[in-house]
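Undergrad: Quick one: this structure, given as structure tokens, is what I'll be asking you about.
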């Protein structure tokens, strides 16, 4: 009997020892990064099975019904009079501050096709002919660890300029909290990292095209582009372009999801579909002493206002001819570009059209319900239009669809809106959550300091 008890105690002790050892090993970064994807996502997968994110709508039902009845899928107006008509006719039942509140029309002058002059640059000379193909060398290829395409792609771009770190080093600053797992790294965060951590410069612009990408590459500058991608539904993804071949009609890309270097990406596949989903955004990394070269290649697009103006006009034109999900992104891009110009009321209308007039009509499998993970323009536009309840409603819907507290920008903007509406306690809670997600790259820290609150 005594012997049996001793054996049982030994087995129990061995069990606790194995459990403790397993916990220690599980939390070691090399092991955690490889298996946590399968364990940590189980609750989220169960949540999404019960609450399908594709069914979540990001705007009020009243506005959706009004938008559908008013056939908001109408094309860009062809006359000035039509252009000055609101893109969204709100329901009379919508109360002030709710999504659909009447706003000033989007003036065509705000998106003039004439690019603003760039005083620091001389008139652009006639572009010189480009080589038919080019392939830049010197990029160290990296396959991303869990959900790490931003840091991995940035590490590859930095390696071209002799930087010796890797994606783990970048992630430690841009995505430091593995336990919470912030799902997205903004391009502006990547540009700031290049400046602060690698002594390089990073320039973010929108409205790019094939010719501009080729000119940057031919001048010796690899280009990061952000684009749409399909895995478990629509998501965002970064790739690094390091070459092109006109005879084959493709770019050469370094893709953190693909082990093979120099993956061909056909021009139409990138530009006509996936790149549109991020307003044709591109990020160029370069040494400070070569800034003048980059600006010369960009020409008028070196000026941010002219760049946003051109991108807004492009989005207007595309909204006249596209259908389905591509039409959603055309209106979303218009909102993003107008937000960049500070035209917040017009931007809010464009986002209204995207989310109320188009999104509900898409097949559920086609709905880009993760769009707000990567592009926070709607929060910014609604906030600076004084539509604080809309910011909160959209943030709540985003977190409901996500099923986990993983988006620092969503908590930050909801905090701003809550504070504007007098809910300081709720705002502080949101700022603290944002700061926990990423203490290095969120303005939530500044808000907490301003309010005299403890930094988590």
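Undergrad: Please find, within the range 395-416, the residue that is surrounded by the most Cβ atoms within 10 Å (Cβ to Cβ) out of those that are more than 16 Å from the chain's Cα centre (by Cα) and part of a helix (DSSP H, G or I).
TA: Once the filter is applied, the top-ranked residue is 414.
Undergrad: Of all residues in the range 329-377, which are under 15 Å from residue 236 (Cβ atoms) and assigned to a helix (DSSP H, G or I)?
TA: If the condition is that a residue be under 15 Å from residue 236 (Cβ atoms) and assigned to a helix (DSSP H, G or I), then 329, 332, 333, 336, 371, 372, 373, 374, 377 are the ones that fit.
Undergrad: I've got another one for you. Take residue 177 and decide whether it is within 21 Å of residue 408 (Cα to Cα), assigned to a loop (DSSP other than H, G, I, E, B) and over 16 Å from the mean Cα position of the chain (by Cα).
TA: Spelling it out, residue 177 is indeed within 21 Å of residue 408 (Cα to Cα), assigned to a loop (DSSP other than H, G, I, E, B) and over 16 Å from the mean Cα position of the chain (by Cα).
Undergrad: Would you confirm, using the coordinates I've provided, whether residue 338 is farther than 23 Å from residue 224 by Cβ, buried (at least 24 other Cβ atoms within 10 Å of the Cβ), at pLDDT 95 or above and in contact with a helix residue (DSSP H, G or I) (Cβ under 7 Å, 6 or more places away or on another chain)?
TA: Judged against the criteria, residue 338 is a match.
Undergrad: In addition: Residues in the range 320-342: is at least one more than 15 Å from residue 207 (Cα to Cα) and in the same structural domain as residue 399 (by TED's automatic domain parsing)?
TA: Checked against the condition, which is being more than 15 Å from residue 207 (Cα to Cα) and in the same structural domain as residue 399 (by TED's automatic domain parsing), the range 320-342 yields at least one hit.
Undergrad: Starting from the range 183-209, keep only residues that are within 21 Å of residue 160 (Cα to Cα), then list their pairs with residues that are surrounded by fewer than 17 Cβ atoms within 10 Å (Cβ to Cβ) whose Cβ atoms are within a distance under 7 Å, requiring at least 6 positions of separation or different chains.
TA: 200/287; 201/195; 201/288; 201/291; 202/195; 204/188
Undergrad: Within the range 417-429, is there a residue that is buried (at least 21 other Cβ atoms within 10 Å of the Cβ), assigned to a helix (DSSP H, G or I) and under 16 Å from the mean Cα position of the chain (by Cα)?
TA: Scanning the range 417-429, I find no residue that is buried (at least 21 other Cβ atoms within 10 Å of the Cβ), assigned to a helix (DSSP H, G or I) and under 16 Å from the mean Cα position of the chain (by Cα), so the answer is no.
Undergrad: Right, another one. For residue 197, all conditions in the list (1) surrounded by fewer than 22 Cβ atoms within 10 Å (Cβ to Cβ); (2) modelled with pLDDT of 95 or more; (3) part of a loop (DSSP other than H, G, I, E, B) hold save one; what is the number of the exception?
TA: Against the list (1) surrounded by fewer than 22 Cβ atoms within 10 Å (Cβ to Cβ); (2) modelled with pLDDT of 95 or more; (3) part of a loop (DSSP other than H, G, I, E, B), residue 197 comes up short only on (3).
Undergrad: For the range 172-188, which residues satisfy the criterion of being at pLDDT 75 or above, surrounded by fewer than 19 Cβ atoms within 10 Å (Cβ to Cβ) and out of contact with any helix residue (DSSP H, G or I) (no Cβ under 8 Å at 6 or more places or on another chain)?
TA: 172, 176, 188, listed by residue number.
Undergrad: What residue, of 174, 212, is touching a residue at least 40 places away in the same chain (Cβ under 8 Å) and closer than 29 Å to residue 300 by Cα?
TA: 212
Undergrad: Tell me yes or no: at least one residue of the range 401-413 is modelled with pLDDT of 95 or more, more than 14 Å from residue 373 (Cβ to Cβ) and touching a helix residue (DSSP H, G or I) at 6+ places or on another chain (Cβ under 8 Å).
TA: No, the range 401-413 has no match at all.
Undergrad: Is it true that some residue in the range 326-335 is surrounded by 15 or more Cβ atoms within 10 Å (Cβ to Cβ), at pLDDT 95 or above and closer than 18 Å to residue 212 by Cβ?
TA: Yes, the range 326-335 contains at least one residue that is surrounded by 15 or more Cβ atoms within 10 Å (Cβ to Cβ), at pLDDT 95 or above and closer than 18 Å to residue 212 by Cβ.
Undergrad: Listed residues 230, 235, 258; which is part of a strand (DSSP E or B) and out of contact with any strand residue (DSSP E or B) (no Cβ under 7 Å at 6 or more places or on another chain)?
TA: Only one candidate qualifies: 230.
Undergrad: Continuing with this model, one more query. Checking the conditions here, which among 272, 246 is without any contact (Cβ under 8 Å) to a residue 12 or more places away in the chain, surrounded by fewer than 22 Cβ atoms within 10 Å (Cβ to Cβ) and assigned by TED's automatic domain parsing to the domain that holds residue 141?
TA: 272
Undergrad: Still on this model: Which condition number in (1) surrounded by fewer than 23 Cβ atoms within 10 Å (Cβ to Cβ); (2) in contact (Cβ under 8 Å) with a residue 24 or more places away in the chain is the one that residue 266 fails?
TA: Only one criterion is unmet by residue 266, namely (2).
Undergrad: A further question on this structure: Name the single residue that is nearest to the chain's Cα centre (by Cα) among those in the range 295-328 being touching a residue at least 12 places away in the same chain (Cβ under 8 Å) and in a loop (DSSP other than H, G, I, E, B).
TA: 303
The values are calculated or read from the model by the stated rules, or taken from the named source; none is laboratory data. For clarity, every value in this text was computed on a predicted model and none was experimentally measured. Note that each Cβ is placed from the backbone with ideal geometry, even for glycine, and that neighbours are counted across all protein chains shown.
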